[in-house]
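Asks: First the structure, which I've put down as structure tokens, then a few questions once you've had a look.
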Amino acid sequence: MPNFQILTSIGFLLAAAAMAQTKGPRTPDGHPDFQGIWNNATLTPLERGIVTGTDGKPIRLPPVTTLTIPDSEAKAYEQRLRTADDFKRGDGSGGDLSGEINAEFSEPAEGLARVNGAKRTSLIADPADGKIPYIATEEERKKSRSPERFDSVKDRPIRERCLHSSIAGPPIVNPFAQFEGYQIVQTPNHIMILSEDLREVRIVRIGAQHAIPDVRQWVGDSIGHWEGDTLVVDTTNFSAQVHFRGSSQNLHVVEHFKPIDGDTILYRATVEDPTVFSKPWVIEYPFRRARGPLYEDACHEGNYSLVDILRGARKAEADSAKQ
């Protein structure tokens, strides 16, 4: 009996030690509690050295070849990125011709993403060059793209139509975040991830099996399980209309949500599509707990740009006919 008591005491101590390794709240079933609002804003670009400003033009950055850089070198990177991505204050100048997206609307990122104490020059942690490993060359990809069509609303991209945003994920990639908020609601069997952009919802079914291949969704079919304190989410069954960085419906994403402390999640996602990418590639950066609430992104109600795009196409056709 004394031996049993000793073993029981040791078991309690080991359990308490394991619980102490991960700081932060826990759910009644013992898993890390991710519920709340999270912010993933960062100045770190997806690909190293490949950045486009709000005006659509490439941004020239100080040359760097390593994934991490010292804080002293990061200052030049951050300053250049802040200057290039500085929204106007509704004065109708620069890249914001209408004055509708301005510094009051967007919460700028503080700096480059920091992982394991070091600042990152790209969200892509693998391959080592920080670039997406496409099978086709950039020139080949340009030639393969279908020409833009303006005959109908249905011809326009789904993001332009306020139907789906890649910001919602997966994977969750949002450099130069304008809609950097995400809300997580958690139960033992389901985890809901709500994106601030378009209010798009993704449901992760814990311990479930993937739907049959015929079931296709813009956010894919997400199933999850726990590996210790890390939430692992496997997503397949993407719609053919979703083209994350040129991907096809064969896109497969595996995400890891690892709690660092009560206010930080290390997000890591492995992306693969053998028809588009030569090998799987990995992104990694932190999410931080943020104050709420998330406000509505009423894209449909004020989507005047879509009307203007089609109206502009009709005007261009009329002008061409006159010539």
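The values are calculated or read from the model by the stated rules, or taken from the named source; none is laboratory data. Values in this document were obtained by computation on a predicted structure and should not be read as measured data. Glycine gets a Cβ as well: all are built from the backbone with ideal geometry, and neighbour counts include every protein chain shown. In case anyone asks, the SASA skips ligands and DNA or RNA and just uses the protein heavy atoms, side chains included. Shrake-Rupley method; radii C 1.70, N 1.55, O 1.52, S 1.80 Å.
Asks: Quick one: count up the residues across region 22-58 that are assigned to a strand (DSSP E or B) and modelled with pLDDT under 80.
Replies: Step one: of region 22-58, the residues assigned to a strand (DSSP E or B) are 26, 32, 36-39, 47, 50, 52, 58.
If we keep only those that are modelled with pLDDT under 80 too, we end up with 50, 52, 58.
Count: 3.
Asks: On to the next question. Restrict the check to region 311-322 and report whether at least one residue is free of Cβ contacts under 8 Å to residues at least 24 places away in the same chain and under 28 Å from the mean Cα position of the chain (by Cα).
Replies: Taking every residue of region 311-322 in turn, none turns out to be free of Cβ contacts under 8 Å to residues at least 24 places away in the same chain and under 28 Å from the mean Cα position of the chain (by Cα).
Asks: Being out of contact with any helix residue (DSSP H, G or I) (no Cβ under 8 Å at 6 or more places or on another chain) and either modelled with pLDDT of 55 or more or open to solvent by less than 50 Å² (accessible area, probe 1.4 Å) (or both) is true for just one of L67, L112, L61. Which residue is that? If you could, list the steps in order and put the result at the bottom.
Replies: Working: L112 fails: out of contact with any helix residue (DSSP H, G or I) (no Cβ under 8 Å at 6 or more places or on another chain); L61 fails: out of contact with any helix residue (DSSP H, G or I) (no Cβ under 8 Å at 6 or more places or on another chain).
None of the others qualify; the one that does is L67.
Asks: Would you mention how many residues in region 186-243 are under 18 Å from the mean Cα position of the chain (by Cα), closer than 17 Å to I37 by Cα and among the polar types (S, T, N, Q)?
Replies: 1
Asks: Which one of R141, R149 is in a loop (DSSP other than H, G, I, E, B) and modelled with pLDDT under 95? Step through it out loud before you land on a result.
Replies: On the way: R141 fails: in a loop (DSSP other than H, G, I, E, B).
That would be R149, the only listed residue that is in a loop (DSSP other than H, G, I, E, B) and modelled with pLDDT under 95.
Asks: Looking at (1) out of contact with any Lys or Arg (no Cβ under 7 Å at 6 or more places or on another chain); (2) over 30 Å from Y285 (Cβ atoms), find the lone condition where V153 falls short.
Replies: (1)
Asks: Residues of region 226-240 being within 26 Å of Q186 (Cα to Cα) and part of a loop (DSSP other than H, G, I, E, B), which ones? Spell out how you get there, then give the answer.
Replies: Quick first cut of region 226-240, residues within 26 Å of Q186 (Cα to Cα) only: 226-239.
Result: G228, D229, N237, S239.
Asks: Moving on to the next point. Across region 169-200, which residue is modelled with the lowest pLDDT among those that are part of a loop (DSSP other than H, G, I, E, B), open to solvent by 30 Å² or more (accessible area, probe 1.4 Å) and not aromatic (F, W, Y)?
Replies: Taking the candidates together, the pick is P175.
Residue by residue, here is whether (1) modelled with pLDDT of 95 or more; (2) part of a strand (DSSP E or B); (3) touching a Leu at 6+ places or on another chain (Cβ under 8 Å); (4) β-branched (V, I, T) holds:
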| position | (1), (2), (3), (4) |
| --- | --- |
| I223 | yes, yes, no, yes |
| V242 | no, no, yes, yes |
| I260 | yes, yes, yes, yes |
| L266 | yes, yes, no, no |
| A269 | yes, yes, no, no |
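Asks: Follow-up. In region 153-160, is there at least one residue being in a loop (DSSP other than H, G, I, E, B) and under 30 Å from G30 (Cβ atoms)?
Replies: So far as region 153-160 goes, no, none of its residues is in a loop (DSSP other than H, G, I, E, B) and under 30 Å from G30 (Cβ atoms).
Asks: I'm told I203 meets every condition in (1) touching a residue at least 24 places away in the same chain (Cβ under 8 Å); (2) surrounded by fewer than 19 Cβ atoms within 10 Å (Cβ to Cβ); (3) outside any loop (DSSP other than H, G, I, E, B) except one. Can you identify the failing condition by its number?
Replies: Of (1) touching a residue at least 24 places away in the same chain (Cβ under 8 Å); (2) surrounded by fewer than 19 Cβ atoms within 10 Å (Cβ to Cβ); (3) outside any loop (DSSP other than H, G, I, E, B), only one is false for I203: (1).
Asks: Please specify each residue of region 152-166 satisfying the condition of being open to solvent by less than 30 Å² (accessible area, probe 1.4 Å) and either at negative phi or at pLDDT 90 or above (or both).
Replies: Looking only at region 152-166, we keep the residues that are open to solvent by less than 30 Å² (accessible area, probe 1.4 Å), and these are 156, 158, 162, 164-165.
Correct list: R156, I158, H164, S165.
Asks: Right, here's the next one. If I filter region 234-269 down to residues being more than 17 Å from S166 (Cα to Cα) and touching a Ser or Thr at 6+ places or on another chain (Cβ under 7 Å), which single residue comes out as surrounded by the most Cβ atoms within 10 Å (Cβ to Cβ)? Steps first, please.
Replies: Kept after step one, since they are more than 17 Å from S166 (Cα to Cα), are these residues of region 234-269: 256-266.
In the following step, the residues that additionally are touching a Ser or Thr at 6+ places or on another chain (Cβ under 7 Å) were identified as 256-259.
Details: H256: 17, F257: 25, K258: 19, P259: 21.
My answer is F257.
Asks: Return the pair list, or none, for Cβ contacts closer than 8 Å from residues in region 280-292 that are over 12 Å from A128 (Cα atoms) to residues that are assigned to a loop (DSSP other than H, G, I, E, B) and of a type in the set (D, E), at least 6 apart or on different chains.
Replies: Within 8 Å, the pairs are R288/D263; R289/D263.
Asks: Select from region 275-323 the residues that are loosely packed, with under 15 Cβ neighbours inside 10 Å, among the small types (G, A, S) and over 27 Å from V201 (Cβ atoms) and list them in ascending order.
Replies: If the condition is that a residue be loosely packed, with under 15 Cβ neighbours inside 10 Å, among the small types (G, A, S) and over 27 Å from V201 (Cβ atoms), then S278, G312, A316, A318, S320, A321 are the ones that fit.
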